[in-house]
1. Which residue is modelled with the highest pLDDT, if the candidates are limited to the stretch 7-29 and must be of a type in the set (S, T, N, Q) and either out of contact with any Ser or Thr (no Cβ under 8 Å at 6 or more places or on another chain) or loosely packed, with under 12 Cβ neighbours inside 10 Å (or both)?
2. Among all residue pairs at least 6 apart or on different chains, which show Cβ distances below 6 Å where the first residue, located in the stretch 214-238, is among the polar types (S, T, N, Q) and the second is at pLDDT 90 or above?
3. Just name the residue that is nearest to R236 (Cα to Cα) out of those in the stretch 15-34 that are of a type in the set (A, V, I, L, M, F, W, C) and out of contact with any helix residue (DSSP H, G or I) (no Cβ under 6 Å at 6 or more places or on another chain).
4. Just one of the numbered conditions (1) at pLDDT below 95; (2) farther than 30 Å from R237 by Cβ is not true of G161; which one?
5. Have a look at T84, T113, T107 and point out the one that is among the hydroxyl-bearing types (S, T, Y), out of contact with any Ser or Thr (no Cβ under 8 Å at 6 or more places or on another chain) and buried (at least 17 other Cβ atoms within 10 Å of the Cβ).
6. Could you grab me the full set of residues in the stretch 48-58 that are surrounded by fewer than 23 Cβ atoms within 10 Å (Cβ to Cβ) and either of a type outside the set (S, T, Y) or outside any loop (DSSP other than H, G, I, E, B) (or both)?
7. Could you tell me whether A178 is closer than 18 Å to D101 by Cβ and either crowded, with 19+ Cβ neighbours inside 10 Å or touching a residue at least 12 places away in the same chain (Cβ under 8 Å) (or both)?
8. If I go through the stretch 30-44 residue by residue, how many of them are in contact with a strand residue (DSSP E or B) (Cβ under 6 Å, 6 or more places away or on another chain) and either modelled with pLDDT under 85 or farther than 26 Å from P162 by Cβ (or both)?
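The values are calculated or read from the model by the stated rules, or taken from the named source; none is laboratory data. Quick caveat: nothing in here was measured; it's all calculated off a predicted structure. Here Cβ is always computed from backbone atoms with ideal geometry, including for glycine, and neighbour counts include all displayed protein chains.
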Amino acid sequence: MLALLGGSGLTELAGLEVQNRRIVRTPYGEPSGPVTFGRLGGVDWVFLARHGYGHTLAPHEINYRANLWALHSLGVAGIVSVCTVGGITADFPAGAIAVPDQLIDYTWGRKSTFFEGAEQPVVHVDFTHPYDEATRALLIAAAADAGIPVIPRGTYAAMQGPRLETAAEIDRLERDGAHLVGMTGMPEAALARELALPYATIAVVANPAAGRGASADAISLEAIGAVLAEAMGRVRRVVEQAGVRHGGA
């Protein structure tokens, strides 16, 4: 059984036949909300809204450790993360869906590891390839099954937020080699790695990043809403096919 972490634009999973919801307690505090158990396309899924079901938690306020620990405690086989991003380079236009293969962490002040405190040993985890390749392949194949074009690569830049970036910051990110910019990719991916949970991301490009294309002068939040309303329908089809593929593996 896979878990789905929904971001902005996906606080509920359309078509999910909800069976029950469970409040999960963790040593790290409260997750973003109750965990939802349901079926999509005849396959069991676990769903958690990263920002809360009312979209009330800003990126820096999310208890990433509690979210990942809660899903791990339920014995899920892996995590599909859905996030909303800005497109930095022209080959990641608004409305595109990407399955990134790399990331750069620019966040600060977030609880980013389970291995801290006097009672914990020093532990280093390999993070050369931050996303699980088998899960990435599953998502890319599922998109092909559903006839949904996806970009099977990309470097995700995780920014602190909650404000959007300046045009100069986006210029810097492009020089650093980033293609996508978001706010929730870290420490989520690293925490999943510490728990040995296979983890990959579906990134939905909601808008050109600051200073790019239609966002040259300002980012239109109204336009973002319209893009997400359409794109999340495609994401749902990819997720459904991923569940079918995984269930039949």
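1. Step one: of the stretch 7-29, the residues of a type in the set (S, T, N, Q) are 8, 11, 19-20, 26.
Checking which are either out of contact with any Ser or Thr (no Cβ under 8 Å at 6 or more places or on another chain) or loosely packed, with under 12 Cβ neighbours inside 10 Å (or both) leaves us with 11, 19-20.
Details: T11: 48, Q19: 87, N20: 90.
It comes out as N20.
2. What qualifies is S215/N207; S215/P208.
3. Within the stretch 15-34, the subset of a type in the set (A, V, I, L, M, F, W, C) is 16, 18, 23-24.
Pick out the ones that are also out of contact with any helix residue (DSSP H, G or I) (no Cβ under 6 Å at 6 or more places or on another chain) and you get 16, 18, 23.
On the way: L16: 10, V18: 15, I23: 24 Å.
Per the criteria, the residue is L16.
4. Condition not satisfied by G161: (2).
5. Values: T84 fails: out of contact with any Ser or Thr (no Cβ under 8 Å at 6 or more places or on another chain); T113 fails: buried (at least 17 other Cβ atoms within 10 Å of the Cβ).
Result: T107 is the single residue among T84, T113, T107 that is among the hydroxyl-bearing types (S, T, Y), out of contact with any Ser or Thr (no Cβ under 8 Å at 6 or more places or on another chain) and buried (at least 17 other Cβ atoms within 10 Å of the Cβ).
6. From the stretch 48-58, those surrounded by fewer than 23 Cβ atoms within 10 Å (Cβ to Cβ) are 51-58; that's our starting set.
Residues satisfying the conditions are H51, G52, G54, H55, L57, A58.
7. Working: closer than 18 Å to D101 by Cβ: yes; either crowded, with 19+ Cβ neighbours inside 10 Å or touching a residue at least 12 places away in the same chain (Cβ under 8 Å) (or both): yes.
Yes: the conditions hold for A178.
8. Residues that pass the stated criteria total 3.
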